[in-house]
Amino acid sequence: MPDPHTFDCAEMRTCLDRQLLCSVATDPASAGTADLYQALSQVAREQLAERWVDTQRADTNDKARRVYYLSMEFLIGRTLNNALSALDLRDSAAKAFAGAAGPSLDQVIECEPDAALGNGGLGRLAACFLDSMATLELPSWGYGMRYEYGMFAQSILNGGQVEHPDAWLENGTPWEFPRPNTHYTVRFGGTAEHHGEWAEWRATDSVEAKAFDYVIPGHGTERVSTLRLWKAAAPAQIDLGAFNTGDYARAADFKNRFENISWVLYPNDSTPAGRELRLRQEYFFVAASMQDILARHLAEHGSFDNLAGCVAIHLNDTHPAIGVAELMRVLVDEHGMAWNAAWEQCGRIFSYTNHTLMPEALETWTVELIQHVLPRHMRIIYRINQEFLNEVVRRHPGDVDLMRRVSIIDDGNGSGMDHDKRVRMAHLCIVGSHRINGVSQLHSDLMVQTIFADFARLYPERFHNKTNGVTPRRWLAQANPGLAGLIDERISNKAGENWRLDLDRLQELRASAGDDGFRTAFAATKRSNKLRLADYVLRETGVALDPDSLFDVQVKRIHEYKRQLLNVLHVVTRYNALLHGYGKSFAPRSVIFAGKAASSYHMAKQVIRLINDVAAVVNNDPRTNEYLKVVFIPNYGVSVAELIMPAADLSEQISTAGTEASGTGNMKLSLNGALTIGTEDGANIEIRDQVGADNIFIFGNSAAQVADIRRSGYRPEAIFQNDPALNEALNKVDGGFFSPGERTRYHDVFNSLVHYGDHYLLLADYADYVATQLRVDALYLTPAEWQRKAILNVAGMGHFSADRTIRNYADDTWNMK
């Protein structure tokens, strides 16, 4: 292929025609949009393949130290646009399509379905990190699962969430590279016969893990990272004996029993079978990844003596925590390494990122289940725990309570029964890792003050902070080309793209915040993005949004602690005020929600239905709909986010202080010029510090105040009784005003707030939230000042580049240059 740096329009057309003929088997003259997508993808794929081979050759020759990032999710979104940008092919592709009859490049890009490999911030963070690892030229691999149906595709029926399989692979994908020669056997069940330090595991089940690679290109470099995903395959395709006797159901069940491991992300765990499937999933991808990592190391070095010097394994939350026990098993049982030597290696290899402060969200498994699925690993965990507790006793003799709190095994009610005992996977990560980090400064501080306080006293040197970041290549340059072009014009440099690789340069925009011409251009770009989103919303939901209204956006996983319900209460309060004639100072507002609720999470699903019920009333009331619209955008994912983030005016980051670890949506929205309304939670505090306290709307109780309220005895019913606006809003929800066909539909929502404790303190923050929204209105009705503050938000976001986060990991966690 031609050099991409000199790749012109004619050469692109030639390459496209060749791929249409040779790869798609289609006459270029009659190619449709989907054919052109396949052809253009193949053009990019060829160059990605060359870069992958060159990168692996260089790393192998150098015997490079590598970082392996293990994550249950990698929410990579669409690949084509990012690949074209990284390969410097986007301009030539755009010209090739602009100069021919048929679809535009953007229409071709939209043919690609999002890769259904994740759900929320955890997976999107992992994807941003791989982009930064490649861009910073770190020898790096991501390991995860090749989910055939994702978590689910979401639709809205009668206001409620409906889940469907997300069959993103039904037509194949041009972006994966199957590796038929890379496959490993993963075993389950059975018994373990122990022989001193090592054991022979006699498993009863096994499944094959087959590798599929995605090439993650770096920007400004020809190096790449690899995302290796594992697909579960039955040891035989069908039970042929059952098939030949006419028992076709049993013949197919044999295949499905093994391969369902890689069907769905986060299967419903409300049943014993669902919980076992989740554990099997986690072990499956970890075991395959460990075998692959060790095989690569052994091929290059011939010994495991220097394993910790060449391998860094990072655990993204507790889903891959079983990797600690698995690495010990493989080193001790399969390679004959002495236990102490193996444990010393493990302690230098593993590092762990925690993503939650809520004790109930920290993953645990019953001893009984692990014993059933992974009998050898349970014995290994018991030994790790015993040796750890022996160390605790030596350092703190007689402190039985400390031993109980830090033990990897939670004895539950003390019955001694395996079904009452639970393995605390976060504790296993901490004991087995040399570095543990939170993902914002507040989160990291609270982590060592609350849930891991005992461990922080035992191992203070292990705990540190790594504030999350996002990749500016996707979330600004690609998602918002209009704003990216403005920045290119304003920030002078020879290449015109340096800010994409050095986001701190955005601070140079501060001087432009007072420039009338730049503010006008900035506002025009925002309005164009709002028009684009409004067109999408009209197509998908039938709701017409006014692009001149304030686009008030809350898009994220639906969860009680994220407090979408508080936002809904404000909407109802605003609606009531309009009905009462109190809304003369209101700015016209379009309130935009999106996000998925876990399939078994009843209250989150209730919130989605309430949003849609409120929208049905508000949007159809001629007395108010000129000033207030509400819409829930279904099936939120990366590509939908790429439409929403550039169009947002207001970013809702309103979780209860002390519950959100960091957030990355807050960063993406501010990076695209939205102002934040938020609590002192997660990375909101650091965003305030970077953009300036005058350019963000902070409200509500701090984490310390939340703790004080709970200690002193929180009484939400008194707040409800004493606040007329809140009383009216909640009574409308409870009384069936928004659900006339089922007046008791939201009785449980009302009770959870008023009578059952209001666990996430919505009512405690309600009045300040509503008052702060009035400040938002006042500022939006002063457009020049709003634009000035929005520009200062963009200018202050350099600190939140994923490149900065990965540099920090490389320097003091992974020991890499």
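Amide H contacts under 5 Å for THR676: SER651, PHE697, restricted to partners 5 or more places along the chain or on a different chain, H placed in the peptide plane at 1.01 Å from N.
Convert 4 °C to kelvin, take the viscosity as 1.567 mPa s, use the Kirkwood radius over C-alpha pairs of region 259-339 as Rh, and evaluate the Stokes-Einstein diffusion coefficient in µm²/s, rounded to a whole number.
92 µm²/s
For region 1-154, the relative contact order is 29 percent, taking Cα pairs closer than 8 Å that sit 6 or more residues apart in sequence and dividing their mean separation by the residue count. Extending 7 Å from Cα along the Cβ direction at ALA778 and again at GLU193 yields two label points whose distance is 8.0 nm.
When each of the peptides 807-816, 169-178 is scored by the mean number of other C-beta atoms lying within 10 Å of its residues, the order from highest to lowest reads 807-816, 169-178. Within region 755-777, find all residues whose amide N lies under 20 Å from a label point positioned 7 Å from the Cα of ASP708 along Cα-to-beta-carbon. It comes to 759-769, nothing else. Percent antiparallel among DSSP beta bridges with both residues in the chain, to the nearest 5? Taking every DSSP beta bridge with both residues in the chain, the antiparallel ones total about 45 percent. Say the cut-off is 24 Å between C-alpha atoms; which of LYS668/LYS789; LYS466/LYS817; LYS231/LYS605; LYS530/LYS605; LYS210/LYS596; LYS231/LYS817 go over it? As for pairs spanning more than 24 Å Cα to Cα, those are LYS231/LYS605; LYS530/LYS605; LYS210/LYS596; LYS231/LYS817.
Looking at region 111-255, the DSSP beta bridges with both ends there are about 85 percent antiparallel. Computed from point charges on the beta carbon alone (+1 for Lys and Arg, -1 for Asp and Glu), the dipole magnitude for the chain about its Cα centre is near 500 Debye.
Among the aspartates and glutamates, select those whose C-alpha is under 14 Å from the C-alpha of LYS584, and discard any that sit fewer than 8 residues away in the same chain. Of all the aspartates and glutamates, those that pass the test against LYS584 - Cα under 14 Å, at least 8 places apart if same chain - are GLU626, ASP777. Toward the positive end of the charge dipole of region 265-306, with +1 on the Cβ of Lys and Arg and -1 on the Cβ of Asp and Glu, the farthest Cα among SER303, ALA273, ILE293 is that of ALA273.
Would you work out the charge dipole size for region 539-579 about its Cα centre, treating the Cβ of every Lys and Arg as +1 and the Cβ of every Asp and Glu as -1, and quote it to the nearest 20 debye?
260 debye
Fully extending the segment from ARG257 to LEU643 would add 135.0 nm, taking 0.36 nm per residue of separation and subtracting the current Cα-Cα distance. Estimated at 0.36 nm per residue, the fully extended path between GLU46 and HIS580 surpasses their Cα-Cα distance by 185.9 nm.
Over all other residues within a Cβ to Cβ distance under 14 Å of PHE74, the charged ones net out to -1, with Lys and Arg as +1 and Asp and Glu as -1. The share of alpha-carbon pairs in region 348-450 lying farther apart than 16 Å comes to 63%. Computed over the chain, relative contact order equals 12 percent, with contacts defined as Cα pairs under 8 Å that lie 6+ residues apart.
Starting from the Cα of ALA101, move 7 Å in the Cα-to-Cβ direction to define the label point; list residues of region 12-56 whose amide nitrogen is under 14 Å from there. Those under the cut-off are 28-32.
Note on the chain: Rg/Rh from C-alpha atoms, Kirkwood Rh, equals 0.96.
Between the beta carbons of HIS372 and GLU540, assuming R0 = 51 Å, the FRET efficiency works out to 0.70 to the nearest 0.05.
Given a Förster distance of 30 angstrom, what is the FRET efficiency for LEU240 paired with ASP205, based on the Cβ-Cβ distance and rounded to 0.05? With R0 = 30 Å, the Cβ-Cβ based efficiency is 0.95.
Label-to-label distance, ARG405 versus ASN498, with points set 7 angstrom from Cα along the beta-carbon direction: 5.1 nm. Sequentially through region 67-80, phi angles give Karplus couplings (6.51, -1.76, 1.60; θ = phi - 60°) of 9, 10, 9, 9, 8, 5, 10, 9, 8, 7, x, 7, 9, 4 Hz, Gly and Pro residues having no value and appearing as x. Convex hull volume of the Cα atoms of region 1-130, normalised per residue: 124 Å³. Placing R0 at 35 angstrom, the Cβ-Cβ distance between ASP694 and ASN722 gives a FRET efficiency of 0.65 after rounding to 0.05. Let me make sure I get this right: for region 439-492, a, b and c are the square roots of the gyration tensor eigenvalues over alpha carbons, sorted descending. Under 1.5 in a/c it's rounded, otherwise prolate if a/b > b/c, else oblate. Which is it? Note, shape of region 439-492 comes out prolate.
On full extension, the segment bounded by ARG250 and ARG57 gains 64.9 nm, given 0.36 nm per residue less the C-alpha separation.
Listed by chain and number, the aspartates and glutamates whose alpha-carbon sits under 13 Å from that of LYS629, ignoring those within fewer than 8 places in the same chain, are ASP546, ASP548, ASP552, ASP613, ASP621.
Packing around the peptides 562-571, 214-223, 737-746, 394-403, taken as the average count of other Cβ atoms within 10 Å per residue, puts them in this order, highest first: 562-571, 214-223, 737-746, 394-403.
The distance between label points at GLN386 and ASP27 comes to 7.6 nm (points 7 Å beyond Cα on the Cα→Cβ vector). When region 660-809 is described by a simple charge dipole with +1 on each Lys and Arg Cβ and -1 on each Asp and Glu Cβ, the residue from ALA795, THR664, GLN690 located farthest towards its positive end is ALA795. Along the axis of the charge dipole computed for the chain (Cβ charges of +1 for Lys and Arg, -1 for Asp and Glu, origin at the Cα centre), the listed residues ASN81, MET447, TRP365 are led at the positive end by MET447.
Dipole of region 404-507, Cα-centred, from +1 at each Lys and Arg C-beta and -1 at each Asp and Glu C-beta, to the nearest 20 debye?
Working: 15 positive and 12 negative charges, 25 e Å.
Using only the charged Cβ atoms, the result is roughly 120 debye.
Across region 472-620, C-alpha contacts under 8 Å between residues 6 or more apart give a mean separation that, scaled by the residue count, equals a relative contact order of 19 percent.
When you count, for each residue, the other Cβ atoms within 10 Å and take the mean per peptide, how do 287-294, 122-129 rank with the highest first? Walk me through the numbers before you get to the answer.
Values: 287-294: 22.9, 122-129: 26.8.
Top of the packing list down: 122-129, 287-294.
Scalar couplings 3J(HN,Hα) for region 454-465, obtained by applying the Karplus form with A = 6.51, B = -1.76, C = 1.60 to θ = phi - 60°, are 5, 5, 5, 6, 6, 10, x, 6, 7, 9, 7, 10 Hz; x denotes Gly and Pro. With all protein chains kept in place, the per residue accessible area of region 699-817 amounts to 43 square angstrom at a probe of 1.4 angstrom.
The values are calculated or read from the model by the stated rules, or taken from the named source; none is laboratory data. Quantities reported herein were computed from a predicted structural model and do not represent experimental measurements. In this analysis, Cβ positions are derived from the backbone assuming ideal geometry, glycine residues included, and neighbour counts consider all displayed protein chains. What goes into the accessible areas is simple: the full protein's heavy atoms, side chains included, and nothing from ligands, DNA or RNA. Shrake-Rupley method; radii C 1.70, N 1.55, O 1.52, S 1.80 Å.
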